[in-house]
Amino acid sequence: MIEILSPAELARARESGALVAHILRTLTERVTVGTNLLDLDRWARTMIVEAGAVSCYVDYAPTFGRGPFGHYICTSVNDAVLHGRPRDQTLADGDLLTLDLAVSTGGIAADSAVSVLVGQSRPSESVAMIDATERALAAAIAVARPGARIGDLSHTIGSVLSEAGYPVNTQFGGHGIGSTMHQDPHVANTGRPGRGYTLRPGLLLALEPWVMADTAELVTDPDDGWTLRSATGCRTAHSEHTIAITDDGAEILTLRSESAQRPDDVTGMSLT
């Protein structure tokens, strides 16, 4: 199903996006050496409930997971890249943490992810990997406009990631979003330009470049049946924003700054 949102629905999408951005910004500011992943989940729950929003994760039970997810945020650390199920684990200096969050306000969802380094340690390889996903995301947003095709976004993301030296996995990628968290069209993280669905005003997309340092192969954590890890144990990174296609281009709904924006040249600026 591909949804095209009405102006009223787009207004609710902006509310959801602003809430997701606020929660992720707050959590990244709280993260420090010794933070427990279960505390991050508890803090996310409190903010979602206080806002009167609905978690897209707690009852989420797709075919690739083991039962309902049962938590309010994905917390992926180091070799974990997607669907990281919060556990009793404390963060150490230099850990690479990805927070991924989706909530619904007024029946419309928004989804975003950010990767950060914990503490004072800044391993250069990890910094470069996070930067590559952010640059790929910014580049895709810059070409997202009415008349562009999904393949244009996929090709743009894949080109940035490949040029940075990372293998690209196509099992999981970006997606349409609206009254439900995951919808068509699928936005693979590599592809051919000029192919696929044509973007229209009112379309919401969650774009999410993610990489693993030296492999494109995922394995599922056998303990929780949810967390996807790199097959080699290498580090990973993941960046994601929900955007709305408008007459003028792409509007970032989950921007983690004090105000939303419609950048003229998003590739030249931070997506925080």
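Mind pulling the per residue volume of the convex hull built on the Cα atoms of the chain? Å³ is fine. Walk me through the numbers before you get to the answer.
Working: hull volume 31.1 nm³, N = 272.
In the chain, the Cα hull volume divided by residue count equals 114 Å³.
Give, as ranges by residue number, the residues of region 117-157 whose backbone N falls under 11 Å from the point 7 Å along Cα→Cβ of ASP93.
Label zone hits: 119-122.
Where in region 192-226 does the amide nitrogen come within less than 20 Å of the point 7 Å from the Cα of ALA11, taken along Cα to Cβ?
What the label zone holds, given the 20 Å backbone N cut-off, is 201-204.
May I ask for the equivalent-ellipsoid semi-axes of region 90-180, computed as the square root of five times each C-alpha gyration tensor eigenvalue and listed largest first in whole Å?
Numbers: eigenvalues 135, 84, 20 Å².
Calculated on Cα positions only, the semi-axes equal 26, 20, 10 Å.
How much accessible surface does ASP184 have with a 1.4 Å probe, in Å² rounded to 10?
Accessible surface of ASP184 is approximately 80 Å².
So what does the Cα-only Debye profile of region 155-200 read at q = 0.17, 0.23, 0.27, 0.32 Å⁻¹, as log10 I(q)/I(0), no solvent term?
Rounded to two decimals, the profile gives -0.54, -0.86, -1.03, -1.19.
Take the alpha carbon atoms of region 147-212, find their center, do the same for region 1-23, and report the distance between the two centers in whole angstrom.
Value for the Cα centre distance between the two parts: 19 Å.
Which of the helices in the chain, when you take each full DSSP H run, stretch at least 24 Å along the axis at their Cα atoms and have an average Kyte-Doolittle score of -1.0 or higher?
Details: long enough: 7-30 (35 Å, -0.13); 124-143 (29 Å, 0.92).
Length and hydropathy pass: 7-30, 124-143.
Solvent-accessible area per residue for the chain at a 1.4 Å probe radius, Å²? Show your work: numbers first, answer last.
Details: 10940 Å² over 272 residues.
Result: 40 Å² of accessible area for each residue.
Order VAL118, VAL219, VAL54, most accessible first, counting only protein heavy atoms with a 1.4 angstrom probe.
Working: VAL118 0, VAL219 60, VAL54 85 Å².
Final ranking, largest accessible area leading: VAL54, VAL219, VAL118.
Checking the a/c ratio against 1.5 first, then a/b against b/c, what shape does the Cα gyration tensor give for region 102-144? Write down the numbers at each step before the final one.
Details: a/c = 5.71, a/b = 1.57, b/c = 3.63.
Verdict is oblate for region 102-144.
Can you tell me the relative contact order of the chain? Whole percent, Cα pairs under 8 Å, sequence separation 6 or more. Present the calculation step by step, with values, prior to reporting the outcome.
Values: 682 pairs, mean separation 62.6, N = 272.
Computed value for the chain: 23 percent relative contact order.
With all distinct Cα pairs included, what does the Kirkwood hydrodynamic radius of region 1-58 come out to in Å, to one decimal, could you say?
Working: mean 1/r = 0.0768 Å⁻¹.
About 13.0 Å, per the Kirkwood formula over Cα pairs.
Take every DSSP beta bridge whose two residues both sit in the chain, then give the antiparallel share in percent to the nearest 5.
Details: 41 of 41 bridges.
Rounded to the nearest five, the antiparallel share is 100 percent.
For the chain, give the percent of accessible area contributed by carbon and sulfur heavy atoms, probe 1.4 Å, rounded to a whole number. If you can, show how the numbers build up before the last one.
Numbers: 5290 of 10940 Å².
The C+S portion of the solvent-accessible surface of the chain is 48 percent.
Could you list the square roots of 5 times each eigenvalue of the Cα gyration tensor of region 52-98, that is, the equivalent ellipsoid semi-axes, sorted largest first and rounded to whole Å? List each step's numbers first, then the result.
Values: eigenvalues 97, 34, 15 Å².
Listed largest to smallest, the semi-axes of region 52-98 are 22, 13, 9 Å.
State the volume of the convex hull built on the alpha-carbon positions of region 23-124, expressed per residue in Å³ and rounded to an integer.
Numbers: hull volume 10.1 nm³, N = 102.
Cα convex hull per residue, to the nearest whole number: 99 Å³.
As I understand it, the dipole of region 35-138 uses +1 on the Cβ of Lys and Arg and -1 on the Cβ of Asp and Glu, about the Cα centre. Which of SER112, ALA80, PRO68 lies farthest toward its positive end?
Among SER112, ALA80, PRO68, the one farthest towards the positive end of the dipole of region 35-138 is PRO68.
The values are calculated or read from the model by the stated rules, or taken from the named source; none is laboratory data. Nothing here was measured: the structure is a model prediction, and the numbers come from that model. Note: ideal-geometry Cβ built from the backbone for every residue, glycine included; neighbour counts use all protein chains shown. All accessible areas refer to the heavy atoms of the entire protein, side chains included, with ligands and DNA or RNA removed. Shrake-Rupley method; radii C 1.70, N 1.55, O 1.52, S 1.80 Å.
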